[in-house]
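Here is the structure we will look at.
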Amino acid sequence: MNIHEYQTKDLFRHYKIPVPEGRMAHSANKALTAAEQLGGEGWVVKAQIHAGGRGKAGGVLLAKQLDEVREHAEKLIGSHLVTKQTGEQGRMVNRVLVEQMQDIKAEYYLGLVINRANQRITLIASAAGGMDIEEVAAKSPDKVINEVVDPAVGLQDFQCRKVAASIGLSGKQINMAARIMKRLYRCFRDKDALMAEINPLVITGDGQFLALDAKMSFDGNALFRQPEIADQRDFDEEDPKEVEASGHDLNYIALDGSVGCIVNGAGLAMATMDAISLYGGRPANFLDVGGGASPEKIANAFRIVLEDPNVKVLMLNIYAGINRCDWIAEGIVKAVSDLEVNVPIVVRLAGTNLEEGRKILADSGLQYIHADRLSDAAEKSVKALAGGAA
Amino acid sequence: MSILVNKDSKVIFQGFTGQHATFHAQEAIRMGTQVVGGVTPGKGGQTHIDRPVFDTVKDAVEQTGADVSVVFVPPAFTADAVMEAIDGGIKVIVVITDGVPVQDMVRVKRYLIGHDAIIVGPNTAGVITPQACKVGIMPAHIYVPGRIGVVSRSGTLNYEAVEQMSELGLGISTSISIGGDPVNGCDFLTLMKQFAEDDETDAVLMIGEIGGSQEVEAATWARDHMDKPLIGFIAGATAPPGRTMGHAGAIISGEDDTAQAKMKRLAELDVHVVQNAAEIGRTVQQSLQREECVA
């Protein structure tokens with residue numbers, strides 16, 4: 001789960017990580033008031049969306065005059081900002097962050113992630129601040145410093161000093177930067193984060209460190225014990241259908257093909273999408289119904305997939321282990337009677353209570369295309385697609 | 001001998017008296033698994049499905065000789081339950097629970113160091129040695145005894161592959177799902193090493209996914225150290241980029257972890273790569289025939 005920059009900076013303030021003075025604003029007038037309250041000789045107006053790449057996309061604007069703050073805010077709020085992470089449809093900007101402009105002498109990168117390779121929290125730092133760290137890592141890996149944290153003792157001071165020295169800091173700066181690293185780690189650990197990033201971490205004209213930008217994402221599995229993080233979730237930043245699906249405990253991701261998919265298990269769901277594409281079709285979505293799916297859950301899955309107007313064929317592929325084919329079949333029958341289904345349905349059931357499931361489908365008189373195997377199901381879905389188009 | 005579990009394994013369930021644990025303990029018993037009891041703190045001394053309930057894993061191990069545990073406790077308490085199993089001397093800990101916080105698993109993995117135990121999961125369908133020991137939630141009837149070792153991330157894709165093999169008369173020595181979480185108990189490599197040494201396994205099927213580099217590490221080891229055919233599949237060729245969990249790991253390794261890139265690497269490492277999940281069974285069969293011709 002992601003939160004906005006202004007929310008991350010509030011969290012940083014709580015952990016005494018230095019950030020610029022700033023105010024969040026929902027309107028151009030409020031942005032102007034914010035700039036007046038902040039004072040100073042220049043301001044930055046930053047679009048608040050969850051996607052990165054805002055600077056290059058024109059989502060971070062500088063203002064020398066107060067009038068410009070209002071103009072910039074007016075331009076950003078209500079617009080769709082397209083960055084390299086948003087996709088071409090962009091993201092609606094609902095609010096901006098207004099900050100005092102800073103006098104920047106040097107820029108660094110500081111981040112924490114859970115490293116899949118060693119399965120530990122890892123501190124990442126670089127003297128190449130303000131740039132795309134993945135690009136830096138790909139082009140010149142020697143410029144990216146990694147320091148692994150032992151979970152038994154946590155991040156140690158000496159590790160922070162070592163990293164600070166490795167990115168070229170010296171003198172008092174080493175201890176100053178080390179303190180920031182330590183605090184960022186504490187925040188990361190306390191809040192069950194998966195990623196925290198300060199890019200850039202700057203040194204200002206008067207020699208102070210500041211987190212000029214701030215980004216964090218949190219573990220969805222840990223939100224039960226992080227209520228104040230969970231409260232900051234911004235549903236406007238998420239696909240409404242994905243939000244609705246997650247409300248029904250379904251894992252749904254929209255794609256741009258025409259074969260709607262309802263599958264159990266993420267691995268089988270991906271393999272099913274891959275198979276559809278190998279037979280010449282394209283999946284309209286990823287949907288994992290999970291384990292123990294009730295008839296209601298299946299009916300909800302139908303509704304969510306069929307809401308997509310691009311769906312021309314609906315394919316169910318369920319290999320029931322902890323699931324039950326009879327429940328799945330009941331769900332299919334219920335969905336078809338509740339909804340107007342105008343596309344061919346391909347059903348492949350296997351596993352627990354298969355015979356009961358098949359009987360329910362047969363007795364219902366439901367029109368559907370039966371498939372025994374994954375290959376069958378993928379092939380018949382793509383064929384039905386061609387038939388429907390003719 | 002199969003790997004991890006066999007007919008002599010003595011199994012306990014943690015969170016024994018819960019609904020899911022009860023159902024799956026009964027299923028395990030039906031297949032002949034030696035379920036010797038379970039742990040539910042506060043219910044020690046009771047009997048559940050004709051087996052003793054203990055307050056602690058320590059009690060359960062001392063009184064039943066249990067060496068395998070299946071963990072069904074809720075996510076908030078899973079890390080504690082797994083560490084209790086490690087401390088209690090359990091050798092194979094299968095964590096079925098889905099939704100365990102990642103940082104909890106980071107701590108569990110640290111605690112594991114210096115202990116002689118293997119964790120499978122969390123978020124796993126579990127482990128099965130057909131007709132001998134079932135410690136998981138998979139449908140037992142599709143697993144026919146045989147000589148192919150299977151290790152997958154996904155549970156349901158594991159069932160899919162196993163059914164395809166069963167139809168071709170290919171049985172299973174042991175099958176394991178390691179779970180889809182970014183920080184998990186044991187990786188492909190750990191199990192590859194065990195299969196390499198197992199006399200009852202003639203070939204290994206590895207079913208991976210996009211994200212991370214565990215499959216490539218295991219295949220690299222197998223090329224240099226394992227004298228058995230390795231068949232590999234990677235799910236997620238059509239998954240949209242940027243929606244995977246592998247992102248953070250990829251920053252550090254700088255490695256490409258898309259399905260296409262991984263399959264290419266596996267092919268270079270002499271793995272029999274399956275392009276289509278519907279062809280897994282047939283590819284396993286062909287790779288065995290090919291190896292026989294060479295021999």
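The values are calculated or read from the model by the stated rules, or taken from the named source; none is laboratory data. This structure is a prediction, so every number in the text was calculated from the model and none was measured. Every residue, glycine as well, gets a Cβ built from its backbone with ideal geometry; the counts of neighbours run over all protein chains shown.
Some points to look at:
- Scanning segment B:256-281 for residues that are more than 14 Å from chain A (Cβ to nearest Cβ) and in contact with a helix residue (DSSP H, G or I) (Cβ under 8 Å, 6 or more places away or on another chain) returns B:265, B:266, B:269, B:270, B:271, B:272.
- The set of residues from segment A:303-323 being under 26 Å from the mean Cα position of the chain (by Cα) and crowded, with 24+ Cβ neighbours inside 10 Å comprises just one member, A:305.
- Out of A:223, A:268, A:194, sole residue that is touching a residue at least 12 places away in the same chain (Cβ under 8 Å), buried (at least 16 other Cβ atoms within 10 Å of the Cβ) and within 30 Å of residue A:169 (Cα to Cα): A:194
- Taken as a whole, the structure places residue A:328 among residues that are over 26 Å from residue A:386 (Cα atoms) and within 14 Å of chain B (Cβ to nearest Cβ).
- Residues of segment A:347-366 that are within 14 Å of chain B (Cβ to nearest Cβ) and not in a helix (DSSP H, G or I): A:348, A:349, A:350, A:351, A:352, A:353.
- Restricting attention to segment B:55-79 and to residues that are among the hydrophobic types (A, V, I, L, M, F, W, C) and touching a Ser or Thr at 6+ places or on another chain (Cβ under 8 Å), the residue that is farthest from the other protein chains (Cβ to nearest Cβ) turns out to be B:57.
- Within segment A:253-270, the residues that satisfy the criterion of being touching a helix residue (DSSP H, G or I) at 6+ places or on another chain (Cβ under 7 Å) and either among the hydroxyl-bearing types (Ser, Thr, Tyr) or within 7 Å of chain B (Cβ to nearest Cβ) (or both) are A:253, A:258, A:264, A:265, A:267, A:268.
- Helices (runs of 4 or more DSSP H) within segment B:38-134 that include 3 or more residues of a type in the set (Lys, Arg): B:102-112
- Verdict on residue B:255 being modelled with pLDDT under 90 and either farther than 30 Å from residue A:109 by Cα or not in a loop (DSSP other than H, G, I, E, B) (or both): no
- Flag if residue A:385 is more than 21 Å from residue A:323 (Cβ to Cβ) and in a helix (DSSP H, G or I): yes
- Within segment A:322-353, being of a type outside the set (S, T, N, Q) and touching a strand residue (DSSP E or B) at 6+ places or on another chain (Cβ under 6 Å) holds for A:325, A:328, A:343, A:344, A:345, A:346, A:347, A:348, A:349, A:350, A:351.
- Whichever residue in segment B:149-180 is more than 9 Å from every other protein chain (Cβ to nearest Cβ), within 14 Å of the chain's Cα centre (by Cα) and in a loop (DSSP other than H, G, I, E, B) and, among such residues, is modelled with the highest pLDDT: B:178
Per-residue answers, yes or no, for (1) closer than 26 Å to residue B:182 by Cβ; (2) away from chain B (no Cβ under 14 Å):
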residue	(1), (2)
A:231	yes, yes
A:272	yes, no
A:278	no, no
A:292	yes, no
A:297	yes, yes
A:307	no, yes
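- Scanning segment B:14-29 for residues that are outside any helix (DSSP H, G or I) and under 30 Å from residue A:115 (Cα atoms) turns up at least one hit.
- Output for segment A:203-247, where each listed residue is of a type in the set (Ser, Thr, Tyr) and modelled with pLDDT under 95: A:217, A:246
- Criterion violated by residue A:340 - all others in (1) farther than 20 Å from residue B:160 by Cβ; (2) among the acidic types (Asp, Glu); (3) touching a residue at least 60 places away in the same chain (Cβ under 8 Å) satisfied: (3)
- Listed by first and then second residue, the pairs linking a residue in segment A:367-379 that is touching a residue at least 60 places away in the same chain (Cβ under 8 Å) and at the interface with chain B (Cβ under 7 Å from one of its Cβ atoms) to a residue that is crowded, with 16+ Cβ neighbours inside 10 Å and assigned to a loop (DSSP other than H, G, I, E, B), with Cβ atoms under 9 Å apart and 6 or more places separating them unless they lie on different chains, are A:374/B:276; A:375/A:279; A:375/B:276; A:378/A:279; A:378/A:281; A:378/B:276.
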